[in-house]
Amino acid sequence: MVLSHFKGYELTGSGGAIKNIGMGSVARAGKMEQHSDSKPIESEENCVACRMCERRCPTGAITVDEVARIDYNVCIGCGECITMCNYNAVHPAWDSSGEIASKKIAEYAKSAFSSKKAVFVSLINNVSPNCDCYFINEPPVAPDIGIVASTDPVTIDKACIDLVTDKVGYDPFRKVHPNVAWKTQLEHAEKIGLGEEKYELIEVAML
């Protein structure tokens, strides 16, 4: 059984079952490889030299004097500094990296579950705009909706997205993260045979 908290995700737009198994079922080296094209950008004007990023960097790529500076020859793009910074002094490089990471996560998920059967359960509650690993998070982008279950990780992620957008009346994930598209991951996941976007929603209980 795979239990996921469905939410927004700054790298791929949204994060659900595919992200959970694609990142959660691989070793540290795999996680680093997934992020390797997503090295952060510094915003020196926002840096307060708190050294949180320096202390948490696993490779020692960050040094802080008056402001934080990243050695990109050492940086592996793991995103730990982005997660820990409370001042928006480091943020993702919004180029092709989000699209690449979306596809890599789907491929890792496919590899992890290629010969296994599973039931996926996703909680559409406290739908935060960013990953749960953030030091802090913003208010939810949608009201609590409930729990969804499926044997298909692509299906359940698509259903979660549809339920949220239908409830809110627009796509809150694209509004929060306009430079990344959750569709990329689902389309690639379906293409490589991880699952299908098409589904039938059967309501078994009301909140």
Here's a check for you: in the range 152-174, which residue that is basic (K, R) and modelled with pLDDT of 95 or more is surrounded by the fewest Cβ atoms within 10 Å (Cβ to Cβ)?
K167
When you scan the range 69-83, how many residues do you find that are under 15 Å from the mean Cα position of the chain (by Cα) and among the hydroxyl-bearing types (S, T, Y)?
1
Among the candidates A149, A118, A189, A112, which residue alone is modelled with pLDDT of 95 or more and over 18 Å from E99 (Cα atoms)?
A149
Read through the list (1) part of a loop (DSSP other than H, G, I, E, B); (2) in contact with a Gly (Cβ under 9 Å, 6 or more places away or on another chain); (3) at pLDDT below 90, then give the number of the only condition that G98 fails.
(1)
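Quick one: would you say E54 is surrounded by 15 or more Cβ atoms within 10 Å (Cβ to Cβ), touching a residue at least 24 places away in the same chain (Cβ under 8 Å) and among the acidic types (D, E)?
Spelling it out, it is not the case that E54 is surrounded by 15 or more Cβ atoms within 10 Å (Cβ to Cβ), touching a residue at least 24 places away in the same chain (Cβ under 8 Å) and among the acidic types (D, E).
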Being touching a Pro at 6+ places or on another chain (Cβ under 8 Å) and modelled with pLDDT under 85, is that true of even one residue in the range 50-72?
no
Give the residue that is farthest from M23 (Cα to Cα), with candidates limited to residues of the range 115-146 that are among the charged types (D, E, K, R) and free of Cβ contacts under 8 Å to residues at least 40 places away in the same chain.
E138
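Would you confirm whether or not the range 123-146 contains a residue that is acidic (D, E) and over 16 Å from the mean Cα position of the chain (by Cα)?
The answer is yes; a qualifying residue exists.
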Tell me whether the range 169-192 contains one or more residues that are more than 21 Å from L11 (Cβ to Cβ) and touching a residue at least 24 places away in the same chain (Cβ under 8 Å).
no
Flag if I105 is in the same structural domain as Q185 (by TED's automatic domain parsing) and crowded, with 22+ Cβ neighbours inside 10 Å
yes
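Before we move on, is S38 at pLDDT 80 or above and not in a helix (DSSP H, G or I)?
Values: at pLDDT 80 or above: no; not in a helix (DSSP H, G or I): yes.
No; evaluated as a whole, the condition is false for this residue.
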Quick one: would you say Y134 is at pLDDT below 85 and aromatic (F, W, Y)?
yes
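The values are calculated or read from the model by the stated rules, or taken from the named source; none is laboratory data. Everything numeric in this text was worked out from a predicted model, so none of it was measured. Neighbour counts run over all protein chains shown; Cβ positions are idealised from the backbone, glycine included.
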